[in-house]
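Undergrad: This is the structure I want to talk about, given as structure tokens.
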Amino acid sequence: MSENNGNTALRFDQQVIASWIDPGSRVLDVGCGDGSLLGYLVREKGVRGSGIELDEAAAVRCIAQGLSVVQGNVNEELPHYPDNAFDYVIVSQTLQQVHRPSRMLEHLLRVGRHGIVSFPNFGYWRVRWQAMFGGRAPKTKELPFEWHDTPNIRVLTLEDFRHYAREIPFRIMREAAVTMPCGTLFPRHVTLLPNIRASYGVFMIERPHNHTANDRSIQS
């Protein structure tokens, strides 16, 4: 199914996420950035949406659009939300930037029925190639930062996340591997060798059936 339903202003991974959200659902966008995905979901899918954003200027831009966004640290704000307050909690391009990802996922799965996590795949062949033959920290369209100013403090691959699911544990309900070799042009799904050929991964996760929202199985 195509994710391009008039939402071309979104990145392709955001289009995938939007296609997984049921209309009218309750959505929390953690690390919502400029609010492009949250705003789309509110306008086009009628979700009851809110967001958390660390960057003050980005949070102000969200609020200026009429979005319900709290400016603050994810791991400080999420504990204040009640259990099962949302149908979906989105963590788009944020997992690799937080200091305590397991604690964030603990609260993500407590406050939401489903979590949707997307992140850049550090197993992508362009990243491997640059590290192996370039002799410097990789810098790609997906990872445009220098080593000294990157917000990415976690380096993980699609396969790392699948192992992480078994260790924590949480259940992976859906996943998509995508690549955007030309930026917004010609994005596509990757089914063959995704850990090497995909530049982004998108996962829908939930608590194991034998865990309740009150369990604290995920350790920091």
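The values are calculated or read from the model by the stated rules, or taken from the named source; none is laboratory data. From a predicted model like this one, the values you see are computed outputs, not experimental measurements. For the accessible areas, the whole protein counts, side chains as well, though only heavy atoms, and no ligand, DNA or RNA atoms are used. Shrake-Rupley method; radii C 1.70, N 1.55, O 1.52, S 1.80 Å.
Undergrad: With every protein chain left in place and a probe of 1.4 Å, what is the accessible surface of TYR164, to the nearest 10 Å²?
TA: Rounded to the nearest 10, the figure is 40 Å².
Undergrad: Relative contact order (percent) for the chain, with alpha-carbon contacts under 8 angstrom and 6 or more residues of separation?
TA: Details: 414 pairs, mean separation 42.5, N = 220.
Here the relative contact order equals 19 percent.
Undergrad: Of VAL127, VAL155, which has the most accessible area with a 1.4 Å probe, and how do the rest follow in descending order?
TA: Reading off the accessible areas and sorting them downward yields VAL155, VAL127.
Undergrad: Can you give the accessible area per residue of the stretch 67-203, in Å², using a 1.4 Å probe? Present the calculation step by step, with values, prior to reporting the outcome.
TA: Working: 6950 Å² over 137 residues.
Heavy-atom SASA per residue in the stretch 67-203 reads 51 Å².
Undergrad: What do you get for Rg/Rh of the stretch 1-117 when both radii come from the Cα atoms and Rh is the Kirkwood radius? List each step's numbers first, then the result.
TA: Details: Rg = 13.1 Å, Rh = 14.0 Å.
Expressed as Rg/Rh, it is 0.93.
Undergrad: Using Cα pairs under 8 angstrom and six or more residues apart, how large is the relative contact order of the stretch 22-128, in percent?
TA: Numbers: 193 pairs, mean separation 27.7, N = 107.
Value for the stretch 22-128: 26 percent.
Undergrad: Here are several values of Kirkwood radius over Cα pairs in Å: (i) 19.6; (ii) 18.8; (iii) 17.7. Which one was derived from the coordinates shown?
TA: So the structure-derived entry is (iii).
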